[in-house]
Amino acid sequence: MESDAIKRGIERAPHRSLLRALGVTPQEMDRPFIGIVNSFTEIVPGHMHLPEIAEVVKAGVRSGGGVPFEFNTIAVCDGLAMNHRGMNYSLPSRELIADSVEIMARAHAFDGLVFLPNCDKVVPGMLMAAVRLNLPAIFISGGPMLAGRLYSSQGDTKVDLSSVFEAVGKVYKGQMTEEELGNLEEVACPGCGSCAGMFTANTMNCLTEAMGMALGGSGTIPAVDPRRIRLAGEAGRQVMALVSANTRPRDIINRASLENAFTVDMSLGGSTNSVLHLMALAHEAGVEFPLSAINDISDRTPCLCRLKPAGDYHIEDLDRAGGVAAVMGELKRKLNLEGKTVSGKTVAGFIAGGRVADGKVIHTLAKAYSEKGGIAILFGNLAPEGAVVKRSAVAAEMMVHQGPARVFDSEEAATAAIMAGDIRSGDVLVIRYEGPKGGPGMREMLVPTALLSGMGMDKEVALLTDGRFSGATRGAAIGHVSPEAASRGPIAAVKEGDTIKIDITAHKLEIELSDREIARRLAKLGGFESRVKEGYLSYYASRVTSASTGAVFGN
């Protein structure tokens, strides 16, 4: 056992003395030591209930013959970090989470790990740590938040955090009063859990289940549902089975399981951030996964679900309809079925019990919303290394669009122009210097897209950026444009009024300029100088690579 390094032999007497100070008994010295990696924090609604889940996990570990030790990681709430300098720290927190888990697990010689994530960057950060450490591991998320209920003279409406962001645009447009906004604000987030739609957190929790690293229901059972508590106990017991069988993350996470995850992602219409995170996970696992392969998967995978923000259903509805296993059951002819999962079953065994209980929420292949999946990767002279769009949330009339560029060098400048009424129908907003290096930190652009949606302009205006978008974003929002402006990608050469052509159906993103003119403009720019000169963001900017490779650290 790994833990023998701190408990076996005469020379480990000092270590055992310290363990005894923790209350470890002589009998427990002979048992596997299991790290409970908890991302609890009192500032993140999605995580505020994790201590309760952790206690049940620990009880499961003990009943399975292990000794649990809980420790914590950091966690950023993207909703609270949005639209101020806090968002610069959200994506960079992913690398810190992975590194901190590695440090704690290696320093204390754990034999296995149970990961308790929930919100946006915690899930991929923990997945990266799991595959890096390659110790027997299992994931149990905190679960999704229930949708809020807004009662009015028009009836009972289900709402969520994205409803509030979009309502801000309606207030600026004069379509909603501040009092009505306040009423919505009161009810949109009714309690603990990751925000209620198929936003980034819930996308990643569902994909963790799809790739085999979590038990069935981990991605969809609501945070307040007692089934989640029972699942936590089962996860604690199951990690002991994984330790006994010596089943490790790299036995589960490979090219086949990542293809499964992307396939389920396309069918669910998940967040564009999943591309960034699964590419980073592939890099961590040593799996070659070119960005272009995502289009191949998406083009052969039908979209079976329309969840918020693309539709009206929430994660609680997906759970009621059968959850991830039911979706995978519909897709089984398109999945790799022989791979291992933490349940001890193959993928085929895992989905065998999946049944669609509500065909309105999970469509059959024959009644798919679309023949192609929810995400597309665009290439062209404006994005030679690719750009990402959630096409399931794009209006039909914006799938092909051409318009003049409106160029902004920050999110704040673009937001001010939108609120001032300075954006016209047909425009293509270009927000640059917001990439991994340029931001630094690759901020989400939820505020400008939510304003456009709230103003009813999401079917008239496209937005593209070398930054990224929230999973709650809808409209023709194209992110991850690579190379980024700070790396002197073509997006840095765009000028006000340049004609930009978007063809999502053909995977194209072009600017009406010759290669020679783009090169000439870029040559005049000179080198990029980071806005941040000290602290973690300065270090991050010096190490981070392109979004097309997952924005991982380079050598």
>> I'd like to verify a number: residues in region 425-444 that are in a strand (DSSP E or B) and within 20 Å of Gly497 (Cα to Cα), how many?
In response: 4
> For region 67-86, how many residues are of a type in the set (Phe, Trp, Tyr) and open to solvent by 20 Å² or more (accessible area, probe 1.4 Å)?
Replying inline: 1
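What residue, among those in region 307-363 that are among the basic types (Lys, Arg) and over 13 Å from Leu215 (Cβ atoms), is surrounded by the fewest Cβ atoms within 10 Å (Cβ to Cβ)? Let's see the steps before the verdict.
Step one: filter region 307-363 for residues among the basic types (Lys, Arg), giving 308, 320, 332-334, 340, 345, 355, 360.
In the following step, the residues that additionally are over 13 Å from Leu215 (Cβ atoms) were identified as 308, 320, 332-334, 340, 355, 360.
Values: Lys308: 28, Arg320: 15, Lys332: 13, Arg333: 7, Lys334: 18, Lys340: 21, Arg355: 12, Lys360: 11.
Within region 307-363, the match that is surrounded by the fewest Cβ atoms within 10 Å (Cβ to Cβ) is Arg333.
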> What number goes with the only condition from (1) more than 22 Å from Arg468 (Cα to Cα); (2) within 23 Å of the chain's Cα centre (by Cα) that Met126 does not pass?
Replying inline: (1)
> Any residue in region 417-432 that is within 25 Å of Leu513 (Cβ to Cβ), in contact with a Leu (Cβ under 7 Å, 6 or more places away or on another chain) and not hydrophobic (A, V, I, L, M, F, W, C)?
Replying inline: no
> Among all residue pairs at least 6 apart or on different chains, which show Cβ distances below 8 Å where the first residue, located in region 208-236, is within 14 Å of Gly193 (Cβ to Cβ) and the second is surrounded by fewer than 21 Cβ atoms within 10 Å (Cβ to Cβ) and at pLDDT below 95?
Replying inline: none
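Please go through region 122-176 and pick out each residue that is aromatic (Phe, Trp, Tyr) and either open to solvent by less than 10 Å² (accessible area, probe 1.4 Å) or over 25 Å from Leu451 (Cβ atoms) (or both).
Here is the first cut: in region 122-176, the ones aromatic (Phe, Trp, Tyr) are 139, 151, 165, 172.
Residues satisfying the conditions are Phe139, Tyr151.
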> Here are some conditions: (1) crowded, with 17+ Cβ neighbours inside 10 Å; (2) free of Cβ contacts under 8 Å to residues at least 12 places away in the same chain. Glu42 meets all but one. Which one does it not meet?
Replying inline: (1)
> Between residues in region 370-386 that are modelled with pLDDT under 95 and residues that are open to solvent by less than 10 Å² (accessible area, probe 1.4 Å) and of a type in the set (D, E, K, R), which pairs lie under 7 Å by C-beta distance while being six or more apart or on different chains?
Replying inline: Ile375/Asp265
> Out of all the residues in region 398-423, which are charged (D, E, K, R) and either at pLDDT 95 or above or in contact with a His (Cβ under 7 Å, 6 or more places away or on another chain) (or both)?
Replying inline: Arg406, Asp409
>> Can you pull out every residue in region 256-295 that is within 25 Å of Gly323 (Cβ to Cβ) and either among the charged types (D, E, K, R) or in a loop (DSSP other than H, G, I, E, B) (or both)?
In response: Glu259, Asp265, Gly269, Gly270, Ser271, Thr272
>> I'm told Ala201 meets every condition in (1) part of a loop (DSSP other than H, G, I, E, B); (2) closer than 30 Å to Gly233 by Cβ except one. Can you identify the failing condition by its number?
In response: (1)
> Val494 passes all but one of (1) of a type outside the set (D, E, K, R); (2) under 24 Å from Ala376 (Cα atoms); (3) touching a Gly at 6+ places or on another chain (Cβ under 8 Å); which number fails?
Replying inline: (3)
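The values are calculated or read from the model by the stated rules, or taken from the named source; none is laboratory data. Everything numeric here is computed off the predicted structure, so don't read it as measured data. For neighbour counting, all protein chains shown are included, and Cβ atoms are generated from backbone atoms with ideal geometry for every residue, glycine included. Surface accessibility is based on the protein's heavy atoms, side chains included, excluding ligands, DNA and RNA. Shrake-Rupley method; radii C 1.70, N 1.55, O 1.52, S 1.80 Å.
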